[in-house]
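To start, the structure itself, in structure tokens.
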């Protein structure tokens, strides 16, 4: 997952949350949290190029 993809997904979730009430905002917050945890733990590693020592 690239940085641009991550930013686009987060902005789409935020726009979706702004159109709803408290439940939608809480769900969006949870989705953003899961997305950022995935990006910082696994997502960056799958996009980087392999370097051999």
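The values are calculated or read from the model by the stated rules, or taken from the named source; none is laboratory data. Model, not experiment: these values are computed from the prediction. Note: ideal-geometry Cβ built from the backbone for every residue, glycine included; neighbour counts use all protein chains shown.
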With the condition being surrounded by 11 or more Cβ atoms within 10 Å (Cβ to Cβ) and either modelled with pLDDT under 95 or in contact with a strand residue (DSSP E or B) (Cβ under 8 Å, 6 or more places away or on another chain) (or both), I'd like the helices (runs of 4 or more DSSP H) fully within the chain carrying at least 3 qualifying residues.
3-18, 22-38
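Considering region 1-26 alone, what residues qualify as being closer than 18 Å to residue 39 by Cβ and touching a residue at least 12 places away in the same chain (Cβ under 8 Å)? Step through it out loud before you land on a result.
So the first thing to find is which residues in region 1-26 are closer than 18 Å to residue 39 by Cβ, and the list is 1-14.
The answer is 1, 2, 6, 9, 10, 13, 14.
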